[in-house]
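Written out below as C-alpha coordinates is the structure these notes cover.
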Amino acid sequence: MGVIHRPQMPAPGDGMNRRIPLARLSLGALVVPLAAQSQRAGKLARVGYLESGALAATPFFEDFRHALRDLGWVEGQNVAFEVLAGDGEYGRLRNLARELIGRDVDVIFASGTPAARAAQDATSAIAIPIVIGRVADPVASGLVTTLARPGGNITGWTHQGLEMRVKYLDLVKEAVPGASRVGVLWNPGNPVHETGLKYIESPARALKLTLHPVGASEPADIANAFAALRSAGVHALVVFQDAMFLSQAAQLVELAARNRIPAIYSTSEMVKAGGLLAYGVNLRDMYRRGASFVDRILKGAKPADLPVEQPTKFELVINLRTAKALRLALPKSLLVRADEVIE
(Lines give C-alpha, C1' and ligand atoms only; values in the text may rest on other atoms or scores of the structure.)
Protein backbone atom coordinates (compact mmCIF):
# COMPACT_ATOMS: atom_id res chain seq x y z
CA MET A 1 0.00 0.00 0.00
CA GLY A 2 1.48 3.39 -0.98
CA VAL A 3 2.24 6.12 1.54
CA ILE A 4 0.04 9.20 1.30
CA HIS A 5 1.99 12.36 1.98
CA ARG A 6 -0.23 14.96 3.56
CA PRO A 7 0.57 18.62 2.85
CA GLN A 8 2.07 20.38 5.87
CA MET A 9 -0.06 23.24 7.20
CA PRO A 10 1.85 26.52 7.43
CA ALA A 11 2.50 27.99 10.82
CA PRO A 12 0.58 31.17 11.69
CA GLY A 13 2.33 34.26 10.48
CA ASP A 14 4.60 32.45 7.99
CA GLY A 15 3.32 34.70 5.24
CA MET A 16 1.98 31.84 3.07
CA ASN A 17 -1.45 31.81 1.55
CA ARG A 18 -3.37 29.33 3.71
CA ARG A 19 -5.81 28.51 0.88
CA ILE A 20 -3.13 26.66 -1.09
CA PRO A 21 -2.81 23.59 1.19
CA LEU A 22 -6.56 23.53 1.65
CA ALA A 23 -6.99 23.37 -2.12
CA ARG A 24 -4.49 20.55 -2.27
CA LEU A 25 -6.41 18.63 0.37
CA SER A 26 -9.64 19.09 -1.57
CA LEU A 27 -8.04 17.79 -4.75
CA GLY A 28 -6.73 14.75 -2.88
CA ALA A 29 -10.20 14.05 -1.52
CA LEU A 30 -11.49 13.90 -5.07
CA VAL A 31 -8.67 11.96 -6.70
CA VAL A 32 -7.94 9.26 -4.12
CA PRO A 33 -11.51 7.85 -3.89
CA LEU A 34 -11.81 7.76 -7.70
CA ALA A 35 -8.61 5.78 -7.97
CA ALA A 36 -9.79 3.52 -5.18
CA GLN A 37 -13.04 2.85 -6.99
CA SER A 38 -11.46 1.98 -10.32
CA GLN A 39 -8.40 0.08 -9.13
CA ARG A 40 -8.91 -0.27 -5.36
CA ALA A 41 -5.35 0.68 -4.47
CA GLY A 42 -3.79 -1.40 -7.23
CA LYS A 43 -6.20 -4.35 -7.21
CA LEU A 44 -7.96 -5.07 -10.49
CA ALA A 45 -11.72 -4.77 -10.54
CA ARG A 46 -13.10 -8.24 -11.33
CA VAL A 47 -16.10 -8.51 -13.65
CA GLY A 48 -17.90 -11.84 -13.86
CA TYR A 49 -19.75 -12.66 -17.09
CA LEU A 50 -22.26 -15.52 -16.99
CA GLU A 51 -23.68 -16.58 -20.35
CA SER A 52 -26.75 -18.81 -20.63
CA GLY A 53 -25.78 -20.05 -24.08
CA ALA A 54 -22.50 -20.54 -25.92
CA LEU A 55 -19.97 -17.72 -26.12
CA ALA A 56 -18.67 -18.92 -29.48
CA ALA A 57 -22.13 -18.53 -31.03
CA THR A 58 -22.52 -14.80 -30.41
CA PRO A 59 -20.41 -11.62 -30.49
CA PHE A 60 -22.11 -10.19 -27.42
CA PHE A 61 -19.33 -10.64 -24.86
CA GLU A 62 -16.87 -8.94 -27.19
CA ASP A 63 -19.29 -6.02 -27.62
CA PHE A 64 -19.62 -5.80 -23.85
CA ARG A 65 -15.85 -5.95 -23.28
CA HIS A 66 -15.08 -3.36 -25.96
CA ALA A 67 -17.69 -0.99 -24.54
CA LEU A 68 -16.09 -1.24 -21.10
CA ARG A 69 -12.71 -0.47 -22.67
CA ASP A 70 -14.23 2.65 -24.26
CA LEU A 71 -15.34 3.64 -20.75
CA GLY A 72 -11.78 3.36 -19.46
CA TRP A 73 -11.71 -0.23 -18.20
CA VAL A 74 -8.65 -1.80 -19.79
CA GLU A 75 -8.17 -5.53 -19.34
CA GLY A 76 -5.02 -6.29 -17.37
CA GLN A 77 -4.62 -2.68 -16.24
CA ASN A 78 -7.64 -1.92 -14.07
CA VAL A 79 -10.09 -4.75 -14.83
CA ALA A 80 -10.07 -8.53 -15.20
CA PHE A 81 -12.84 -10.70 -16.65
CA GLU A 82 -14.06 -14.04 -15.34
CA VAL A 83 -16.18 -15.57 -18.10
CA LEU A 84 -18.27 -18.74 -17.78
CA ALA A 85 -20.97 -20.14 -20.09
CA GLY A 86 -23.65 -22.78 -19.63
CA ASP A 87 -23.67 -23.65 -23.36
CA GLY A 88 -27.45 -23.97 -23.25
CA GLU A 89 -27.39 -26.45 -20.35
CA TYR A 90 -29.32 -24.33 -17.89
CA GLY A 91 -28.96 -26.79 -15.02
CA ARG A 92 -25.24 -25.93 -14.86
CA LEU A 93 -25.73 -22.22 -14.37
CA ARG A 94 -26.25 -22.15 -10.61
CA ASN A 95 -22.91 -23.88 -10.00
CA LEU A 96 -21.23 -21.59 -12.50
CA ALA A 97 -22.64 -18.55 -10.68
CA ARG A 98 -21.23 -19.88 -7.42
CA GLU A 99 -17.89 -20.40 -9.13
CA LEU A 100 -17.86 -16.73 -10.14
CA ILE A 101 -18.52 -15.73 -6.53
CA GLY A 102 -15.58 -17.92 -5.50
CA ARG A 103 -13.40 -15.98 -7.91
CA ASP A 104 -14.05 -12.82 -5.87
CA VAL A 105 -15.86 -10.85 -8.58
CA ASP A 106 -17.07 -7.32 -7.84
CA VAL A 107 -20.05 -7.48 -10.20
CA ILE A 108 -21.72 -10.15 -12.36
CA PHE A 109 -23.18 -9.55 -15.80
CA ALA A 110 -25.82 -12.25 -16.37
CA SER A 111 -26.74 -12.85 -20.01
CA GLY A 112 -30.24 -14.30 -20.45
CA THR A 113 -33.03 -15.08 -17.99
CA PRO A 114 -31.63 -18.50 -16.94
CA ALA A 115 -28.25 -16.95 -16.09
CA ALA A 116 -29.93 -14.05 -14.30
CA ARG A 117 -31.99 -16.38 -12.13
CA ALA A 118 -28.93 -18.48 -11.33
CA ALA A 119 -26.91 -15.41 -10.35
CA GLN A 120 -29.78 -14.16 -8.20
CA ASP A 121 -30.00 -17.47 -6.33
CA ALA A 122 -26.25 -17.66 -5.84
CA THR A 123 -26.04 -14.15 -4.39
CA SER A 124 -29.06 -14.37 -2.07
CA ALA A 125 -26.78 -14.31 0.98
CA ILE A 126 -24.01 -12.18 -0.58
CA ALA A 127 -25.16 -8.91 -2.11
CA ILE A 128 -22.83 -8.91 -5.11
CA PRO A 129 -24.22 -6.50 -7.73
CA ILE A 130 -25.78 -8.15 -10.79
CA VAL A 131 -26.39 -6.54 -14.18
CA ILE A 132 -28.87 -8.47 -16.32
CA GLY A 133 -29.22 -8.50 -20.10
CA ARG A 134 -31.42 -10.27 -22.67
CA VAL A 135 -34.15 -10.80 -20.07
CA ALA A 136 -37.73 -10.80 -21.35
CA ASP A 137 -39.59 -9.73 -18.20
CA PRO A 138 -37.44 -8.94 -15.14
CA VAL A 139 -40.47 -8.16 -12.95
CA ALA A 140 -42.47 -11.33 -13.74
CA SER A 141 -39.26 -13.37 -13.43
CA GLY A 142 -38.84 -12.07 -9.87
CA LEU A 143 -35.52 -10.41 -10.61
CA VAL A 144 -36.53 -6.84 -9.77
CA THR A 145 -39.40 -5.19 -7.90
CA THR A 146 -40.20 -2.68 -10.65
CA LEU A 147 -38.31 -1.42 -13.68
CA ALA A 148 -38.09 2.10 -12.25
CA ARG A 149 -37.05 0.97 -8.76
CA PRO A 150 -35.33 -2.41 -9.06
CA GLY A 151 -34.56 -2.83 -5.36
CA GLY A 152 -32.04 -5.39 -4.15
CA ASN A 153 -28.78 -6.08 -5.97
CA ILE A 154 -30.03 -6.40 -9.58
CA THR A 155 -30.48 -3.96 -12.47
CA GLY A 156 -29.77 -3.95 -16.22
CA TRP A 157 -31.86 -4.05 -19.37
CA THR A 158 -34.80 -5.95 -20.86
CA HIS A 159 -35.50 -6.74 -24.50
CA GLN A 160 -39.27 -6.83 -23.78
CA GLY A 161 -39.54 -10.34 -25.13
CA LEU A 162 -43.13 -10.99 -24.01
CA GLU A 163 -44.55 -8.00 -25.86
CA MET A 164 -42.55 -8.93 -28.96
CA ARG A 165 -44.14 -12.36 -29.14
CA VAL A 166 -47.49 -10.80 -29.97
CA LYS A 167 -45.78 -8.81 -32.72
CA TYR A 168 -44.43 -12.08 -34.17
CA LEU A 169 -47.99 -13.30 -34.69
CA ASP A 170 -48.85 -10.09 -36.53
CA LEU A 171 -45.82 -10.62 -38.75
CA VAL A 172 -46.90 -14.21 -39.50
CA LYS A 173 -50.26 -12.94 -40.74
CA GLU A 174 -48.55 -10.33 -42.90
CA ALA A 175 -45.72 -12.46 -44.28
CA VAL A 176 -47.78 -15.65 -44.74
CA PRO A 177 -51.35 -14.38 -45.26
CA GLY A 178 -52.89 -17.83 -45.63
CA ALA A 179 -51.39 -19.19 -42.42
CA SER A 180 -53.78 -20.63 -39.86
CA ARG A 181 -51.59 -23.23 -38.08
CA VAL A 182 -48.50 -21.71 -36.46
CA GLY A 183 -45.79 -23.65 -34.69
CA VAL A 184 -44.04 -22.22 -31.64
CA LEU A 185 -40.57 -23.49 -30.77
CA TRP A 186 -39.91 -23.00 -27.05
CA ASN A 187 -37.48 -24.24 -24.41
CA PRO A 188 -39.11 -25.84 -21.32
CA GLY A 189 -35.87 -25.13 -19.44
CA ASN A 190 -36.22 -21.38 -19.92
CA PRO A 191 -38.26 -20.01 -16.99
CA VAL A 192 -39.93 -17.29 -19.06
CA HIS A 193 -41.08 -19.42 -22.00
CA GLU A 194 -44.13 -21.00 -20.36
CA THR A 195 -45.31 -17.50 -19.45
CA GLY A 196 -44.68 -16.48 -23.05
CA LEU A 197 -46.90 -19.27 -24.38
CA LYS A 198 -49.77 -18.15 -22.16
CA TYR A 199 -49.16 -14.54 -23.15
CA ILE A 200 -49.85 -15.20 -26.86
CA GLU A 201 -52.87 -17.51 -26.51
CA SER A 202 -55.49 -14.74 -26.60
CA PRO A 203 -53.84 -12.71 -29.41
CA ALA A 204 -53.57 -15.91 -31.47
CA ARG A 205 -57.31 -16.56 -31.12
CA ALA A 206 -58.05 -12.98 -32.13
CA LEU A 207 -55.97 -13.50 -35.28
CA LYS A 208 -57.67 -16.86 -35.94
CA LEU A 209 -54.38 -18.72 -35.54
CA THR A 210 -54.08 -22.20 -34.05
CA LEU A 211 -50.84 -22.58 -32.11
CA HIS A 212 -48.78 -25.79 -32.05
CA PRO A 213 -46.11 -25.39 -29.34
CA VAL A 214 -43.20 -27.81 -29.50
CA GLY A 215 -40.48 -27.83 -26.85
CA ALA A 216 -36.74 -28.41 -27.20
CA SER A 217 -34.61 -28.36 -24.05
CA GLU A 218 -31.27 -29.18 -25.65
CA PRO A 219 -29.73 -29.22 -29.14
CA ALA A 220 -30.48 -32.92 -29.63
CA ASP A 221 -34.21 -32.16 -29.28
CA ILE A 222 -34.39 -29.69 -32.15
CA ALA A 223 -34.54 -32.22 -35.02
CA ASN A 224 -37.40 -34.08 -33.30
CA ALA A 225 -39.18 -30.77 -32.71
CA PHE A 226 -39.12 -30.02 -36.44
CA ALA A 227 -40.40 -33.52 -37.20
CA ALA A 228 -43.36 -32.82 -34.91
CA LEU A 229 -43.96 -29.44 -36.58
CA ARG A 230 -43.93 -31.07 -40.01
CA SER A 231 -46.41 -33.70 -38.82
CA ALA A 232 -48.69 -30.97 -37.49
CA GLY A 233 -48.64 -29.32 -40.91
CA VAL A 234 -47.80 -25.85 -39.63
CA HIS A 235 -47.80 -23.01 -42.14
CA ALA A 236 -45.26 -20.90 -40.25
CA LEU A 237 -43.11 -20.98 -37.13
CA VAL A 238 -42.35 -18.55 -34.30
CA VAL A 239 -39.05 -19.22 -32.52
CA PHE A 240 -38.89 -17.83 -28.99
CA GLN A 241 -35.82 -15.90 -27.88
CA ASP A 242 -33.46 -18.34 -26.19
CA ALA A 243 -29.72 -18.63 -25.68
CA MET A 244 -29.65 -22.30 -26.64
CA PHE A 245 -31.60 -21.63 -29.84
CA LEU A 246 -29.24 -18.78 -30.71
CA SER A 247 -26.26 -21.07 -30.25
CA GLN A 248 -27.95 -23.54 -32.63
CA ALA A 249 -28.75 -20.95 -35.31
CA ALA A 250 -27.24 -23.01 -38.14
CA GLN A 251 -29.25 -26.11 -37.22
CA LEU A 252 -32.51 -24.19 -36.81
CA VAL A 253 -32.15 -22.35 -40.10
CA GLU A 254 -31.22 -25.53 -41.98
CA LEU A 255 -34.18 -27.50 -40.58
CA ALA A 256 -36.63 -24.68 -41.32
CA ALA A 257 -35.37 -24.57 -44.91
CA ARG A 258 -35.43 -28.36 -45.33
CA ASN A 259 -39.01 -28.55 -44.04
CA ARG A 260 -40.01 -25.43 -46.01
CA ILE A 261 -41.36 -23.66 -42.93
CA PRO A 262 -41.25 -19.83 -42.90
CA ALA A 263 -39.82 -18.95 -39.49
CA ILE A 264 -39.94 -15.70 -37.52
CA TYR A 265 -37.11 -15.01 -35.06
CA SER A 266 -36.33 -12.38 -32.46
CA THR A 267 -32.71 -11.61 -33.38
CA SER A 268 -31.10 -10.43 -36.59
CA GLU A 269 -28.26 -12.91 -35.98
CA MET A 270 -30.67 -15.73 -36.90
CA VAL A 271 -31.62 -14.03 -40.18
CA LYS A 272 -28.01 -13.36 -41.07
CA ALA A 273 -27.44 -17.09 -40.58
CA GLY A 274 -30.13 -17.75 -43.21
CA GLY A 275 -33.42 -17.35 -41.34
CA LEU A 276 -36.37 -15.64 -43.01
CA LEU A 277 -37.34 -12.74 -40.78
CA ALA A 278 -36.56 -11.23 -37.39
CA TYR A 279 -38.02 -8.42 -35.34
CA GLY A 280 -36.54 -7.19 -32.09
CA VAL A 281 -33.90 -5.06 -30.44
CA ASN A 282 -30.35 -4.68 -31.69
CA LEU A 283 -28.76 -6.98 -29.13
CA ARG A 284 -25.23 -5.83 -29.84
CA ASP A 285 -26.18 -2.27 -28.97
CA MET A 286 -27.94 -3.42 -25.82
CA TYR A 287 -24.90 -5.37 -24.62
CA ARG A 288 -22.87 -2.20 -25.03
CA ARG A 289 -25.47 -0.46 -22.88
CA GLY A 290 -25.02 -3.23 -20.33
CA ALA A 291 -21.38 -2.22 -20.00
CA SER A 292 -22.46 1.25 -18.86
CA PHE A 293 -24.29 -0.31 -15.89
CA VAL A 294 -21.16 -2.20 -14.89
CA ASP A 295 -19.11 0.97 -15.24
CA ARG A 296 -21.40 2.92 -12.91
CA ILE A 297 -21.50 0.12 -10.34
CA LEU A 298 -17.71 -0.18 -10.28
CA LYS A 299 -17.61 3.57 -9.64
CA GLY A 300 -19.89 3.24 -6.61
CA ALA A 301 -23.49 3.25 -7.88
CA LYS A 302 -25.97 0.84 -6.28
CA PRO A 303 -28.08 -1.43 -8.52
CA ALA A 304 -31.22 -0.51 -6.57
CA ASP A 305 -30.77 3.12 -7.68
CA LEU A 306 -30.33 2.34 -11.41
CA PRO A 307 -33.65 1.85 -13.29
CA VAL A 308 -33.86 -1.11 -15.65
CA GLU A 309 -33.57 0.15 -19.22
CA GLN A 310 -36.11 -0.68 -21.90
CA PRO A 311 -35.35 -0.57 -25.63
CA THR A 312 -36.61 2.38 -27.65
CA LYS A 313 -35.81 0.99 -31.10
CA PHE A 314 -36.76 -2.29 -32.74
CA GLU A 315 -35.40 -3.62 -36.03
CA LEU A 316 -37.06 -5.58 -38.79
CA VAL A 317 -34.56 -7.67 -40.79
CA ILE A 318 -35.58 -9.78 -43.79
CA ASN A 319 -33.60 -12.33 -45.77
CA LEU A 320 -34.97 -12.06 -49.30
CA ARG A 321 -32.84 -14.99 -50.51
CA THR A 322 -34.55 -17.23 -47.97
CA ALA A 323 -37.97 -15.94 -49.01
CA LYS A 324 -37.20 -16.78 -52.64
CA ALA A 325 -35.98 -20.26 -51.68
CA LEU A 326 -39.30 -20.80 -49.88
CA ARG A 327 -41.16 -19.38 -52.91
CA LEU A 328 -42.70 -16.87 -50.56
CA ALA A 329 -43.69 -13.52 -52.06
CA LEU A 330 -43.40 -11.08 -49.19
CA PRO A 331 -45.70 -8.05 -49.47
CA LYS A 332 -44.13 -4.74 -50.43
CA SER A 333 -45.65 -3.15 -47.33
CA LEU A 334 -43.42 -5.41 -45.24
CA LEU A 335 -40.27 -4.93 -47.32
CA VAL A 336 -40.42 -1.13 -47.25
CA ARG A 337 -40.58 -1.18 -43.44
CA ALA A 338 -37.49 -3.34 -43.10
CA ASP A 339 -34.40 -1.81 -41.51
CA GLU A 340 -32.27 -4.29 -43.43
CA VAL A 341 -33.00 -6.55 -46.41
CA ILE A 342 -30.47 -9.27 -47.18
CA GLU A 343 -30.43 -9.99 -50.90
**Prompt:** Residues in the stretch 13-25: is at least one more than 24 Å from Ala118 (Cα to Cα), surrounded by fewer than 17 Cβ atoms within 10 Å (Cβ to Cβ) and at pLDDT 95 or above?
**Reply:** no
**Complete:** Counting only residues that are touching a residue at least 24 places away in the same chain (Cβ under 8 Å) and out of contact with any helix residue (DSSP H, G or I) (no Cβ under 6 Å at 6 or more places or on another chain), the stretch 192-203 contains a total of 2
**Message:** Return the residues of the stretch 230-261 that are surrounded by fewer than 24 Cβ atoms within 10 Å (Cβ to Cβ) and part of a helix (DSSP H, G or I); say none if nothing qualifies.
**Reply:** Arg230, Ser231, Ala232, Ser247, Ala249, Ala250, Gln251, Val253, Glu254, Leu255, Ala257, Arg258
**Asked** Is there any pair linking a residue in the stretch 280-296 that is without any contact (Cβ under 8 Å) to a residue 40 or more places away in the chain to one that is among the aliphatic types (A, V, I, L, M), with Cβ under 8 Å and at least six apart or on different chains, and which?
**Response** Arg296/Leu306
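Going by the structure shown, is Ala110 among the hydrophobic types (A, V, I, L, M, F, W, C), in a helix (DSSP H, G or I) and crowded, with 24+ Cβ neighbours inside 10 Å? Show your work before the answer.
On the way: among the hydrophobic types (A, V, I, L, M, F, W, C): yes; in a helix (DSSP H, G or I): no; crowded, with 24+ Cβ neighbours inside 10 Å: yes.
Judged against the criteria, Ala110 is not a match.
Residues checked against (1) in the same structural domain as Phe64 (by TED's automatic domain parsing); (2) of a type outside the set (A, V, I, L, M, F, W, C):
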position	(1), (2)
Asp137	yes, yes
Ala140	yes, no
Thr146	yes, yes
Val182	no, no
Glu194	no, yes
**Item:** Which numbered condition Leu209 misses (of (1) closer than 22 Å to Glu89 by Cβ; (2) surrounded by fewer than 24 Cβ atoms within 10 Å (Cβ to Cβ))
**Value:** (1)
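From the list Ala329, Ala273, Ala338, exactly one residue is without any contact (Cβ under 8 Å) to a residue 40 or more places away in the chain, in the same structural domain as Met244 (by TED's automatic domain parsing) and touching a strand residue (DSSP E or B) at 6+ places or on another chain (Cβ under 7 Å). Which is it?
Numbers: Ala329 fails: touching a strand residue (DSSP E or B) at 6+ places or on another chain (Cβ under 7 Å); Ala273 fails: touching a strand residue (DSSP E or B) at 6+ places or on another chain (Cβ under 7 Å).
Only one candidate qualifies: Ala338.
Based on what the data block shows, is Asp87 assigned to a loop (DSSP other than H, G, I, E, B), among the charged types (D, E, K, R), modelled with pLDDT under 95 and within 13 Å of the chain's Cα centre (by Cα)?
Working: assigned to a loop (DSSP other than H, G, I, E, B): yes; among the charged types (D, E, K, R): yes; modelled with pLDDT under 95: yes; within 13 Å of the chain's Cα centre (by Cα): no.
It is false that Asp87 is assigned to a loop (DSSP other than H, G, I, E, B), among the charged types (D, E, K, R), modelled with pLDDT under 95 and within 13 Å of the chain's Cα centre (by Cα).
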**Message:** Of everything in the stretch 200-226, what is in a helix (DSSP H, G or I) and more than 12 Å from Leu185 (Cα to Cα)? Give them in sequence order.
**Reply:** Ile200, Glu201, Ser202, Pro203, Ala204, Arg205, Ala206, Pro219, Ala220
**Request:** Kindly indicate whether any position in the stretch 54-62 is of a type in the set (Ser, Thr, Tyr) and part of a loop (DSSP other than H, G, I, E, B).
**Result:** yes
**Complete:** The one condition Phe240 fails out of (1) more than 23 Å from Leu330 (Cβ to Cβ); (2) of a type outside the set (Val, Ile, Thr); (3) touching a strand residue (DSSP E or B) at 6+ places or on another chain (Cβ under 7 Å) is (1)
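Out of the stretch 321-333, which residues are within 15 Å of Val176 (Cβ to Cβ) and surrounded by fewer than 16 Cβ atoms within 10 Å (Cβ to Cβ)? Break it down stepwise before answering.
Residues of the stretch 321-333 within 15 Å of Val176 (Cβ to Cβ): 322-331, 333.
Passing the criteria: Lys324, Ala325, Arg327, Ala329, Pro331, Ser333.
Condition check ((1) under 22 Å from Ala136 (Cα atoms); (2) of a type in the set (Gly, Ala, Ser)) across all residues:
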residue: Lys198; (1), (2): yes, no
residue: Gly215; (1), (2): yes, yes
residue: Ala232; (1), (2): no, yes
residue: Phe240; (1), (2): yes, no
residue: Gln248; (1), (2): yes, no
residue: Pro262; (1), (2): no, no
**Complete:** Note on the stretch 39-79: residues within 24 Å of Gln248 (Cα to Cα), in contact with a Phe, Trp or Tyr (Cβ under 8 Å, 6 or more places away or on another chain) and surrounded by fewer than 23 Cβ atoms within 10 Å (Cβ to Cβ) are Leu55, Phe61, Asp63, Arg65
**Fill in**
The residue that is farthest from Phe245 (Cα to Cα), considering only those in the stretch 177-228 that are of a type in the set (Phe, Trp, Tyr) and either at pLDDT 95 or above or touching a strand residue (DSSP E or B) at 6+ places or on another chain (Cβ under 6 Å) (or both), is Phe226
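Just need a number here: residues in the stretch 138-152 that are buried (at least 21 other Cβ atoms within 10 Å of the Cβ) and either touching a residue at least 40 places away in the same chain (Cβ under 8 Å) or closer than 17 Å to Ala301 by Cβ (or both). First the steps, then the outcome.
Taking the stretch 138-152 and keeping what is buried (at least 21 other Cβ atoms within 10 Å of the Cβ), we get 138, 143-144, 150.
Still in the running and either touching a residue at least 40 places away in the same chain (Cβ under 8 Å) or closer than 17 Å to Ala301 by Cβ (or both): 138, 144, 150.
Residues meeting the conditions: 3.
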**Matching option when the condition is at pLDDT below 95, more than 14 Å from the chain's Cα centre (by Cα), under 25 Å from Pro219 (Cα atoms) and not aromatic (Phe, Trp, Tyr), among Ser141, Ser124** = Ser141
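The values are calculated or read from the model by the stated rules, or taken from the named source; none is laboratory data. Quantities reported herein were computed from a predicted structural model and do not represent experimental measurements. Ideal geometry is used to build each Cβ from the backbone, glycine not excepted, and the neighbour counts take in all protein chains shown.
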